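The values are calculated or read from the model by the stated rules, or taken from the named source; none is laboratory data. Worth saying up front: this structure is predicted, and the values here are computed from it rather than measured. Backbone-built Cβ (ideal geometry, glycine too); neighbour counts: all protein chains shown. All accessible areas refer to the heavy atoms of the entire protein, side chains included, with ligands and DNA or RNA removed. Shrake-Rupley method; radii C 1.70, N 1.55, O 1.52, S 1.80 Å.
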Amino acid sequence: MLEEEKIDINKRIRLISHFSEIRNISSVTEKAAKVYLIGQTEKEPISQRSICEFFGISLSALQRALTALKQGREVGRKGRPPVLSDEQKKELKEKIVHSAEKGKSLNINEVLEWINEHFFDEKPSIELDFMEKPHINSRGWVYNFANQNDIIIKLPQVLERARSQVSVDEVKSFFDRLGDLFQENNFFPHQIFNMDETMITKSKDLQKFVVLTKSSLHQPSVTLPKIENFHTTLVVCVNAAGKSLDPLVIIPMQSIVIEETPEKELVPPFSFVHAPSGWITQEIFTKWAIEIFIPYVQLNKKTKEEKTLLILDGHNSRVSSEVIKDFMKNQIELFVLPAHSSHFLQPLDLSVFGTFKKYLRRRGKLSSNILSFLDVYDAFQSSATIKKIYSGFNKAGIYPFDPTKVLGNENIVLKPAGQEKLKKQRKRLDINGKILTSQEMLEKVEEYEKKKPKTKRKKRKKKNYKSKKTLFNKNHD
């Protein structure tokens with residue numbers, strides 16, 4: 001090429017580079033590709049080699065940039081062209097967020113179907129061949145889209161329909177009563193407690209629990225019968241100062257037996273009781289209150305007049321005049337949460353239990369045939385930290401007292417104020433949202449206990465368990 005011709009071509013390239021649509025492009029490769037495409041429209045097209053020499057890039061780089069522009073991709077970005085435009089992505093995000101706010105979150109398949117119906121003329125099936133339309137049936141694409149747009153994908157919680165029917169009036173009433181209790185008693189964080197239960201295991205094949213001992217040489221085990229749909233329960237209680245009481249383990253057996261270890265070798269942090277189903281009962285709750293909770297409160301009281309607040313759900317095991325009187329004697333206010341509100345008002349559900357389950361699940365302990373209480377203890381210690389416990393009380397708006405944490409949270413779906421809730425007539429006493437230690441509720445509980453019919457229980461077949469020792473309820477050094 002003659003020197004004059006080269007100078008002429010460079011002048012044309014420089015002129016095109018100053019076009020308004022090209023001038024502000026920061027990528028040299030993209031600018032070169034666009035100059036080349038414009039140069040092809042002139043009478044004497046500019047060659048790729050001339051473009052490369054002027055911009056100082058390789059021929060392969062220019063060709064990759066041209067391919068990207070033809071496919072509608074961003075220059076310099078490898079892979080397939082974008083599935084959706086920026087406007088379509090924005091519309092999809094709005095659809096997902098709007099559905100979630102209404103309490104009707106879309107699953108991955110529903111998102112894919114919606115994309116097909118709204119953004120593609122052919123409305124292809126999700127079951128199309130992957131190589132033909134990879135973006136249509138790819139669940140991975142949805143996960144990537146969610147990560148890029150701060151959308152959380154998680155397993156749906158198994159919540160009964162009634163949970164979405166908790167009314168604003170019920171929640172306001174709860175906070176009004178809680179506010180009155182705070183004004184009357186001026187509770188400090190160490191005086192505010194939350195008690196709840198969580199399931200440790202649920203497996204038809206689980207047959208043994210390895211009990212934590214002081215000696216690493218011994219691995220004593222609690223042998224469980226094969227029971228369908230049984231589960232073992234951990235009873236936990238924490239206060240707003242970040243302290244936790246020793247957990248109580250409810251094992252699903254008629255009686256607890258322990259093999260190959262003396263009682264003194266069991267480590268104290270856990271107390272053990274038994275129930276055929278593994279669920280908490282009125283008897284177990286009463287025992288927990290009298291033997292674990294009340295002694296802890298009395299031991300940590302700073303003054304004799306100091307009152308305590310215990311917040312818990314409305315499980316039927318709480319309906320006992322005996323335990324209510326014990327709470328009243330020890331200046332403990334027993335406040336029950338509104339029905340079906342534990343997923344946003346129960347501090348333990350909002351922080352500790354989620355971390356506890358993740359810890360066990362991550363290590364495959366919930367699906368293992370043998371579960372060591374050392375694993376359970378480690379999981380509990382890792383999840384029941386001061387920071388986590390305080391976070392639960394804070395999210396629930398209980399401490400620091402802030403009703404707007406719930407009432408002002410757009411992600412919590414509540415039934416509008418003024419709509420009456422359809423109540424099913426039940427034989428059990430309604431204690432939800434009530435202060436059980438009030439004189440009025442104590443009288444109702446006593447009246448209920450008098451009228452309560454005695455249920456006849458079916459006789460269970462006795463099973464013999466081979467054992468050397470019986471596991472005691474509470475152990476001490």
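The simple spin-label model puts a point 7 Å past each Cα toward its Cβ; for Lys452 and His98 those points are separated by 5.0 nm.
What a 1.4 Å probe finds exposed on region 26-98 is 48% carbon and sulfur by accessible area, rounded to a whole percent. Here the 3J(HN,Hα) profile of region 338-349, calculated from phi with Karplus coefficients 6.51, -1.76 and 1.60 at θ = phi - 60°, is x, 4, 6, 10, 5, 6, 9, 10, 8, x, 5, 5 Hz, Gly and Pro shown as x. Taking amide H as placed 1.01 Å from N in the peptide plane, Leu106 has its amide H under 5 Å from the amide H of Ala100, each at least 5 places away in sequence or on another chain.
For His274, the residues whose amide H sits under 5 Å from its own are Ile251, ignoring neighbours fewer than 5 places away on the same chain, with H placed 1.01 Å from N. With 29 Å as the limit, the listed pairs Lys302/Lys434; Lys93/Lys388; Lys172/Lys388 have Lys93/Lys388 beyond it between alpha carbons. Largest accessible area first, the listed residues Trp288, Trp141 line up as Trp141, Trp288 when surface is computed with a 1.4 Å probe on the assembled protein chains. Relative protection proxy for 386-398, 325-337, from highest mean packing down: 386-398, 325-337 (other beta-carbon atoms within 10 angstrom). Given their separation in residues at 0.36 nm each and the Cα-Cα distance between them, Lys329 and Ala146 gain 60.5 nm when the chain is fully extended. As a fraction of the 1.4 Å probe accessible area of region 272-329, surface on carbon and sulfur atoms comes out at 55 percent. Working note: Karplus 6.51/-1.76/1.60 with θ = phi - 60° gives region 393-409 the couplings 5, 5, 4, 6, x, 7, 8, x, 5, 7, x, 5, 4, 9, 5, x, 8 Hz, where Gly and Pro are set to x. The length gained on full extension between Ser47 and Gln381, counted as 0.36 nm times the residue separation minus their Cα-Cα distance, comes to 113.3 nm.
Residues whose amide H lies under 5 Å from that of Thr233, counting only those 5 or more places away or on a different chain, are Ile200, Ile250; hydrogens are built 1.01 Å from N in the peptide plane. For region 54-64, 3J(HN,Hα) computed residue by residue from phi via the Karplus equation (6.51, -1.76, 1.60; θ = phi - 60°) reads 5, 8, x, 10, 7, 5, 5, 5, 5, 5, 5 Hz, glycine and proline entered as x. Descending by average beta-carbon neighbour count within 10 Å, the peptides 275-287, 344-356, 184-196 line up as 344-356, 184-196, 275-287, the highest first.
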